[in-house]
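Following: one structure in structure tokens, then a few remarks.
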Amino acid sequence: RELETEAGSALAADGVAAEAVEVRRREAELRFDGQESVLTVNLDGAGALVGEAVAERFREAYRRRYGHVPGDRAVELVTLRVVVSERRGGEGRERFAAAGEAGPAGRQRAHARESLSPGMRLAGPTLVQDRFSTLFIAEGWTAVVGSEGTIRLERAAAPGARIGAAAETAAGADGDGGRAEVVDLELFTCRFLALVDEMGMLLQRCAVSVNVKERLDFSCALLDPDGELVANAPHIPVHLGALGECVRRVRAVLDLAPGDIAITNHPGYGGSHLPDVTLIAPVYAADGSLLGYVANRAHHAEIGGARPGSMPPGAASLAEEGVVIAPRLLMRGGEADWEGLRRLLGGGPFPSRAVEENIADLHAQVAALRCGADALERLAADAGADRVRRFMRLLKDRAAAALAAALERVPHRGERRAADAMDDGSPIVVTVRKTAGERLVVDFSGTAPVHPGNLNATPAIVRSAVIYVLRLLAGADLPLNEGLMRDVDLHIPPGMLAPDFPDDPAACPAVVGGNVETSQRVVDVLLTALGLAACSQGTMNNVIFGNAHFSYYETVAGGSGAGPGFPGEDAVHCHMTNTAITDAEVLEHRLPVRLERFAVRAGSGGAGRWRGGCGVERVLRFLESVALSVLTQRRVRGAPGLDGGEAGAPGRQWLERRDGARVDLGPIDGVEAEAGDVFHLLTPGGGGCGADA
């Protein structure tokens, strides 16, 4: 009431009579505690609706929008708004009775908005212009002018016309059915991409953790009935290529029925490392046939483990890295088992330190899956389930054809071999060759045996790296999908890139560094073997700190490698990571830390005809005592150049104590930091390309 009175007084000051003032809207913007995005709730007709009643109206609106309510989280009132205006002259509901035809304003079929009278009808295609906008009325649509001047568009074409039908009809008249299929493939590709984009945006809006909503450390994907990746949003490459492997492994052990959602983070089932939690939902058409799967993977900054942040540098087994979630149903027939998941996350030798934040982000992941499933179901209802599956297959065919065309440009069938080593000397070796049958063989024989620490990767991670590089080689504008692997023979011998995972997590190798560090080195050796680019920073520069009250994780940019005809980029996330850095304002507002410096590390890129990109310098002052962990590489040797280019500068990191003492930190290290201690991080530069003239 105070806002209404204040707004009415403002209008009165402008000469509006009190009896002419009307309240147009009463609304509130609310959100759950920890979220950034708000949802607007209409309070019109609410009378004395206050407190818990407003919160309940918000929860119901949230449930309608996202399909769930995230537990018992508190509701925050962000904005209370009242909109008042001078009462308009027209009374009653606006009418749209036809009263004549509007003639064209000229040969361009454009109409001036002010010349239109109530009741006029305008058949598309035509334009309506005013001083501020131009309205395009497409063919098959009719515009009707209402009694108050509003233009309502009505679809003249029969509803339910399937996507691409117009293109097929036109092409059929010309005898050009092939062109119609190309057009339809583009339309379906756009729909598939819009589906996964929308999933990602909803996941970001609904999430609570800084890691998901600010750093964007998540991925969403659409897969076909065979569990093969079809389309993805431009999220995290190390996630995306692995999701197909994960879906196929999970569906082999779980029967997924309508309304079911599976959850896992197990590296033996296509997972990467334990903080990356994957949700999978099957999608069925109205006739009961399987359309495909929607899946997402999000990095939870805390999932248990020996140190806060769930990336312990000294871990020697999977059990020490956190809570292991073997494939299980989170939802069966639409009913969720949140309590069972809470018990799992809060149990075991190294439970999660942030169970409720895990649950909140998982609610967001569920909402994103429902969003994607609904969109795929609508597409099947509109276009037909068989056509949806057909164009999934054609999109993979297109990717396979693009790679085949790129391989024809590879000058010879001889072997191409590249090798590099992790900072402890563990070799990563790849041999690439074309066969007489125009297949590509990618062989990692010669790579190190199982790593005693946490640098073990998985076949799913290696597959992600290979698909990513093949997408670069293909060079076509198409979604990353598993059609790229159709003519590829991938050989990964047992060892560091394909360790065994027994049932007991304590007997499984540690993997947290394999996902973030070894994956980068796999990409570097592949790019070197194919001659596409010099090595990039070769690390994600993982920084993890926290205590009993919070955990924070970030990856930090560095320099990318130069290539034939182009320099490297400064200060970018390279290859298998595509995350954002947390804004300084958000970082300092939410965490007990101060960002004292964040700048390009000048001169750290490798010299050459084309210079490698420079790394960055990042300096953090801790305002509380924290356990600090770093998981990095390229601290011993810099990123090698290509074709005579020089190596980039290696990275460095140290902790400066309050008393000025310096503690140098190794590539994979941890230290207890006190309030007032300062962490310095210098990330590597990328390698140069070509001898400097």
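Every read-out reported here was derived from the displayed coordinates using simple, explicitly stated rules and does not represent laboratory data. Fair warning: this is a prediction, and the values are worked out from it, not measured in the lab. Don't worry about glycine lacking a Cβ; one is built from the backbone with ideal geometry, like all the others, and counts go over all protein chains shown.
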Sequence-separation-based contact order of the chain, relative, with Cα cut under 8 Å and 6+ spacing, percent
10
Taking square-rooted eigenvalues a ≥ b ≥ c of the alpha carbon gyration tensor, is the range 100-155 rounded, prolate or oblate, where a/c under 1.5 means rounded and, failing that, a/b exceeding b/c means prolate?
rounded
Ordered by packing density, taken as the mean number of other Cβ atoms within 10 Å over each peptide's residues, highest first, how do 434-440, 375-381 rank?
375-381, 434-440
Students often get this wrong, so try it: which of (1) 25.2, 78; (2) 28.7, 88; (3) 36.8, 152 is Rg and Dmax of the Cα atoms in Å as calculated from the structure shown?
(2)
For residue 112, the residues 5 or more places away or on another chain with a placed amide H closer than 5 Å to its own amide H are 129
Over the range 183-400, calculate the relative contact order: mean separation of alpha carbon pairs under 8 Å at least 6 apart, over the residue count, as a percent.
24
Footprinting exposure proxy for 522, 410 (fewest neighbouring C-beta atoms within 10 Å first):
410, 522
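Rounded, prolate or oblate: which fits the range 372-501, taking a ≥ b ≥ c as square roots of the Cα gyration tensor eigenvalues, rounded meaning a/c under 1.5, else prolate when a/b beats b/c?
Details: a/c = 3.02, a/b = 1.55, b/c = 1.94.
Judged from the Cα gyration tensor, the range 372-501 comes out oblate (a/c at least 1.5, b/c at or above a/b).
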Using Cα-Cα distances under 8 Å and only pairs 6 or more residues apart, what relative contact order does the range 2-86 have, in percent?
47
Hz values of 3J(HN,Hα) by residue in the range 117-133 - Karplus curve (6.51, -1.76, 1.60), Gly and Pro given as x:
10, x, x, 5, 10, 10, 8, x, x, 6, 10, 10, 10, 9, 5, 10, 7
Residue by residue through the range 268-275, what is 3J(HN,Hα) from phi via Karplus (6.51 cos²θ - 1.76 cosθ + 1.60, θ = phi - 60°)? Round to whole Hz and write x for glycine and proline.
x, 10, x, x, 10, 10, 4, x
Amide proton proximity set for residue 284, modelled H, under 5 Å, gap of 5+
291
Considering amide H positions built from the backbone, and no H for Pro or chain starts, which residues 5 or more places from residue 231, or on another chain, come under 5 Å of its amide H?
222
Using Cα centres only, tell me the gap between the range 357-414 and the range 462-505 in whole Å.
16
Per-residue ³J(HN,Hα) for the range 655-672, Karplus 6.51 cos²θ - 1.76 cosθ + 1.60, θ = phi - 60°, Hz, x for Gly and Pro:
10, 9, 6, 4, 8, x, 5, 10, 10, 6, 10, x, x, 10, 7, x, 7, 8
